Amino acid sequence: MPVFLIHHRHDPGECGAAFAAFKGHESPLRRRGTLATCRFGGHDIWWLVEAPGAPEALALLPFFVARRATATRVGPVDIP
């Protein structure tokens, strides 16, 4: 299954809305840890997910979050 890195960015005043949006959206991303910068002055969140394509990866997010997100296919690489 392809792997995607989802990147979401919101404004400083939208942190509460971004997190609350998940309460009304069934998703395997709920109640799962991820990486975010909100506590440190940034307002970005990243998820690493498996999905058939970018649209399906973004569908894991509630609309409020998904419309401010990108899904980029990623994979392992060896750095020489």
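Worth a mention:
- Protein accessible area in the chain, 1.4 Å probe - carbon and sulfur %: 59
- Helix-derived mean residue ellipticity, 222 nm - over the chain, DSSP H n ≥ 4, -39500 (n - 2.57), to 500: -3500 deg cm²/dmol
- Scoring 60-66, 42-48 by mean Cβ neighbours within 10 Å over their residues and listing the highest first yields 60-66, 42-48.
- The stretch between PHE22 and ASP78, if pulled fully straight at 0.36 nm per residue, gains 16.6 nm over its current Cα-Cα span.
- Over the chain, relative contact order from alpha-carbon pairs under 8 Å, at least 6 apart, %: 49
- Full-extension gain in nm, ARG67 to GLU50, via 0.36 nm per residue minus C-alpha separation: 4.2 nm
- When peptides 30-38, 2-10 are ranked by their average number of other Cβ atoms within 10 Å per residue, the highest-first order is 2-10, 30-38.
- Å² per residue, accessible surface of the chain at 1.4 Å: 67
- Remark: the chain projects, on average over all directions, an area of 6.1 nm² (convex hull of Cα atoms).
- Segment ARG30-MET1, extension gain: residue separation times 0.36 nm, minus the distance between their alpha carbons: 8.4 nm
The values are calculated or read from the model by the stated rules, or taken from the named source; none is laboratory data. Remember, it's a predicted structure, so these values are computed and weren't measured experimentally. Cβ coordinates were reconstructed from backbone atoms using ideal geometry, including for glycine residues, and neighbour counts include every protein chain displayed. Remember, those area values only see protein heavy atoms, side chains included, never the ligands or the DNA or RNA. Shrake-Rupley method; radii C 1.70, N 1.55, O 1.52, S 1.80 Å.
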